[in-house]
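> Handing you a structure now.
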Amino acid sequence: MNYTAIALSPRALLERWDAQQTAYVAHRELRFRSMLDVLRLHLTEPFHVLDLACGPGSLADRVLTAFPRARVTAVDYDPVLLRLADAVLAEHGGRATVVDSDLVRADWIEPLAGERIDAVVSSTALHWLSPSQLLRVYTALGDLLPPGAIFLNADHLRYEPGNETLGALSEQHDAEVQRESFAAGADTWDAWYELATAQPGTAPFAAERERRFADRPPQPKSPLHFHLSALSTAGFTEVGTVWQYLDDYVVFARR
Ligand SMILES: C[S@@+](CC[C@H](N)C(=O)[O-])C[C@H]1O[C@@H](n2cnc3c(N)ncnc32)[C@H](O)[C@@H]1O
């Protein structure tokens, strides 16, 4: 499809992103809702949330809308998405800070030193990291967060060997939801990027994105027990899950 003639507002691009992501994450809105519920029940405003691999600001936007006195620091490494997140989250005034940072690097957390962070959230993103990179991120968070702070990670995880039936059902369900969503007009991942990079002024960001992600092959998904053990090892005192649908989870940890 040729998108060169279409110029969309940042908010409209985010809405198309949300529809696209919902094709890959069946109950994405409910999953976000469970995360917002935990923030509301556990924290008292004003609080500061760190959104890891924020993309175009989807979850950060929901946090800032649900909690009018909250602040969010949103981190990502994709220049196209960072630019969009910057534009979308600016609608919340000075309550959002968007940071260009590569979670694979050992020093990604340095700009946050000295910040008080009450919750760390992430959605559909940490599967980009290998197990050793993930353990390093969890360890850095364990060092940064004060006692009582929480971590919520929403992502597809891998079933353990012995759960082949559940694995097959998850795959069938994913395929079904994608088929229905695309038939109803949602963009595929590739089509959304084509649309985003065709926006005026985006070309240099798209080129930088190509460069940054050229050698980042997809990682094998980790099972739930890896995340729970890694978070415990990193100093989180309470670990568990707050939501699950087939292989899609929200993992919880409390420092
Ligand atoms: C599927 S998107 C999810 C975005 C958003 N959290 C959401 O749920 O809509 C995955 C995100 O992970 C980001 N990402 C992948 N590797 C990263 C890294 N090493 N450092 C920071 N962000 C990364 C990508 O740029 C992308 O924005």
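> Taking His127 as the residue in question, decide whether it is within 15 Å of the chain's Cα centre (by Cα) and not in a strand (DSSP E or B).
Numbers: within 15 Å of the chain's Cα centre (by Cα): yes; not in a strand (DSSP E or B): yes.
So His127 passes the test.
Yes or no, residue by residue, for (1) in contact with a Phe, Trp or Tyr (Cβ under 9 Å, 6 or more places away or on another chain); (2) closer than 26 Å to Arg71 by Cβ; (3) surrounded by fewer than 18 Cβ atoms within 10 Å (Cβ to Cβ):
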position	(1), (2), (3)
Leu8	no, no, yes
Arg11	no, yes, yes
Trp17	yes, yes, no
Thr22	no, no, yes
Arg31	yes, yes, no
Leu43	yes, yes, no
Pro46	yes, yes, yes
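> Now for a separate question. Sort out which residues of region 55-73 are away from the ligand (no atom under 12 Å from the Cβ), buried (at least 21 other Cβ atoms within 10 Å of the Cβ) and assigned to a loop (DSSP other than H, G, I, E, B), and write them in order of number.
Ala70
> Counting just the residues of region 191-224 that are part of a helix (DSSP H, G or I) and more than 14 Å from Leu81 (Cα to Cα), which one comes out farthest from the ligand (Cβ to nearest atom)? Don't jump to the end; show me each part of the working.
Here is the first cut: in region 191-224, the residues part of a helix (DSSP H, G or I) are 191-197, 203-213, 224.
Still in the list and also more than 14 Å from Leu81 (Cα to Cα): 191, 211, 224.
On the way: Ala191: 15, Arg211: 13, Leu224: 19 Å.
Step by step, filter region 191-224, then rank; the result is Leu224.
> Here's another thing I want to ask about it. Considering only region 130-158, how many residues are of a type in the set (D, E, K, R) and assigned to a strand (DSSP E or B)?
At the first step, the residues of region 130-158 found to be of a type in the set (D, E, K, R) are 136, 143, 155, 158.
Narrowing the set further to residues that are assigned to a strand (DSSP E or B) leaves 155, 158.
Adding up the residues that qualify gives 2.
> While we're looking at this one, here's another question. If you go through region 75-97 one residue at a time, how many are over 23 Å from Glu194 (Cβ atoms) and within 12 Å of the ligand (Cβ to nearest atom)? Quick ask: steps written out before the conclusion?
First pass over region 75-97, keeping only residues over 23 Å from Glu194 (Cβ atoms): 75, 89-97.
If we keep only those that are within 12 Å of the ligand (Cβ to nearest atom) as well, we get 75.
So the answer is 1.
> A follow-up question, please. Tell me, please, whether a residue that is under 16 Å from the mean Cα position of the chain (by Cα) and more than 27 Å from Leu41 (Cβ to Cβ) can be found in region 151-173. Please lay out each step first, then the result.
Of the residues in region 151-173, the ones under 16 Å from the mean Cα position of the chain (by Cα) are 151-157.
Okay, now just the ones that are also more than 27 Å from Leu41 (Cβ to Cβ), so none.
For region 151-173, residues under 16 Å from the mean Cα position of the chain (by Cα) and more than 27 Å from Leu41 (Cβ to Cβ): absent.
> Kindly provide the set of residues from region 91-108 that are among the polar types (S, T, N, Q) and outside any loop (DSSP other than H, G, I, E, B), ordered by number.
Let us first name the residues in region 91-108 that are among the polar types (S, T, N, Q), namely 97, 101.
Thr97 - this is the single residue of region 91-108 that is among the polar types (S, T, N, Q) and outside any loop (DSSP other than H, G, I, E, B).
> Could you identify the single residue in Pro46, Pro111 that is assigned to a loop (DSSP other than H, G, I, E, B) and either near the ligand (Cβ under 9 Å from one of its atoms) or in contact (Cβ under 8 Å) with a residue 12 or more places away in the chain (or both)? Before you say what the answer is, go through the steps one by one.
Values: Pro111 fails: assigned to a loop (DSSP other than H, G, I, E, B).
Every option except Pro46 fails the conditions.
> Looking at (1) within 15 Å of the ligand (Cβ to nearest atom); (2) on the phi < 0 side of the Ramachandran plot, which is the one condition that is false for Asp37?
Among (1) within 15 Å of the ligand (Cβ to nearest atom); (2) on the phi < 0 side of the Ramachandran plot, the lone unmet condition for Asp37 is (1).
Computed from the coordinates by the stated procedures, all read-outs in this text should not be read as laboratory data. Quick caveat, the model's predicted, so the values are computed rather than measured. Every residue, glycine as well, gets a Cβ built from its backbone with ideal geometry; the counts of neighbours run over all protein chains shown.
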